[in-house]
Amino acid sequence: MNMKKFLCLLLISTLVLSCVSYAFAEATMPEISAPSAVLMEASTGRILYEKNSHEKLPPASVTKVMTMLLVMEAIDKGQLSMEDTVRCSEVAASMGGSQVYLEPGEEMSVHDMLKAVAVASGNDAAAALGEHLAGSLDAFVDRMNERAKELGMQDTHFVNCNGLDAEGHLTSSHDIALMSRELISHSGIYEFTKIWMDSLRGGAFGLVNTNKLIRFYEGATGLKTGSTGAAKYCLSATANRNGMDLIAVIMGAETSQKRFNDAKSLLDFGFANYTLAKSLVSEEELGSMAVVKGKKSCVDLSVGGDYQMLVSKPRAADIEKKLTVSECVEAPVLKGEKLGEISFVLDGEEIGKADIVAKEDVLRMNPAEMLRKLAFQLFYGDSEA
């Protein structure tokens, strides 16, 4: 091999290595010490990072994500009210572990019971809510498992509603992300999971959130901690920045601080490398569409619905927009009526699609108005009447 060929090969090799290094530099994966972890973007459900994500492990009090989900769903369906009174049974009062020390026969509102579960991880409050909602703890746990199946949580089997160690009470970081995503779709839960300090019983019983990220991580919104001898230290951590919600799940961490450090590393990674492209199209780009037989000659266009596309930040500028609309539409046109589509393409692959809709109503002209416009056009051309 002569020197010229050698230099060419060396240059090519250098360029290839540079491209590879650049690709990895876009999203360097975080180092996570916990044996199982997941990072999910909530609106799309896309997994951004996973480590042994389907390994079945005890979840400790992160179990209460499902407990809170069933309560929030019942509230949204009108089956339960925040003002309803929940009476604590002897069974609920005997749960042990993390608790707010409910006495048998003590009554609290659903609102305060939820606060006790979300902030203080009260096992007694979780049991009281389960009994109130389903009639018995066994019936409530059956509902938990039914809902898990509906959500596609194939690694999960619940034995109780609070996460106390029990044989066969298992889930995975992947499944915790699924139920966490469903829970935060009920935005009312943030009233409780974002609390740092509060109280119950008219201020007589203080509460401090077991999730330290609420105080120390920018944008933290929840969600649930958990720790037992078998489960070690677990966490489902949610945070929002610039309209993007991330869910970081940690299972089996050796210490409490390590679970928080791992969660912060995952959330930092997600926020640093990804963004939601919510507004890639301006209304100026869309313009307007001609309207035949309308009281207005054209209708302004806009993007319809709530569309979410997750892209890596370095690639957001590379997204191509392909607009498909007709030249005209016949009146009447209703506000929000679909008049076309726009697709978003990255590297030749469609990554999202949205409807193009009418921004306003355009009424149809009556026969007299049509004759008037026709006469006007005959005498003056196509100028607007």
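Odds and ends about this structure:
- Nearest 10 degrees, 0 to 90: helix 137-150 Cα axis against the chain principal axis: 30
- Cα extents of region 204-282 along the three principal axes, largest first (Å): 53, 34, 16
- Taking θ as phi - 60° and the Karplus parameters 6.51, -1.76 and 1.60, the scalar couplings of region 333-348 work out to 10, 9, 4, x, 5, 6, 10, x, 9, 10, 10, 10, 10, 10, 6, x Hz in sequence order, x denoting glycine and proline.
- Building the convex hull from the alpha-carbon atoms of region 132-282 and averaging its projection over directions returns 11.6 nm².
- DSSP loop chymotrypsin sites (Phe, Trp or Tyr not before Pro) with at most 16 other Cβ within 10 Å excluded, longest remaining stretch of the chain: 197-385
- Estimated at 0.36 nm per residue, the fully extended path between residue 90 and residue 47 surpasses their Cα-Cα distance by 11.3 nm.
- Annotation for residue 268 and residue 341: the two label points, set 7 Å from Cα along the Cα-Cβ direction, are 4.2 nm apart.
- Global size of the chain: 27.9, 92 Å for Rg and Dmax (C-alpha atoms, Rg to one decimal, Dmax whole).
- Extent along principal axes [Cα atoms of region 249-288; Å; largest to smallest]: 59, 15, 10
- Over the chain, relative contact order from alpha-carbon pairs under 8 Å, at least 6 apart, %: 15
- In region 283-380 the Cα-Cα distances spread across 5 Å bins starting at 0 as 3, 12, 19, 17, 14, 11, 9, 5, 4, 4, 2, 0 percent of all pairs.
- Fully extending the segment from residue 218 to residue 138, taken as 0.36 nm per residue of separation minus the present Cα-Cα distance, adds 24.9 nm.
- Two-site label geometry, residue 319 and residue 334: point separation in nm, points 7 Å out along Cα→Cβ: 2.9
- Per-residue ellipticity at 222 nm from helix content only, as computed over the chain with -39500 (n - 2.57) for each DSSP H run of at least four residues, stands at -10500 deg cm²/dmol.
Each value in this text was obtained by applying a stated rule to the coordinates, not by laboratory testing. Since we're looking at a predicted model, the values are computed, not measured. Cβ atoms come from the backbone with ideal geometry, glycine included; neighbour counts cover every protein chain shown.
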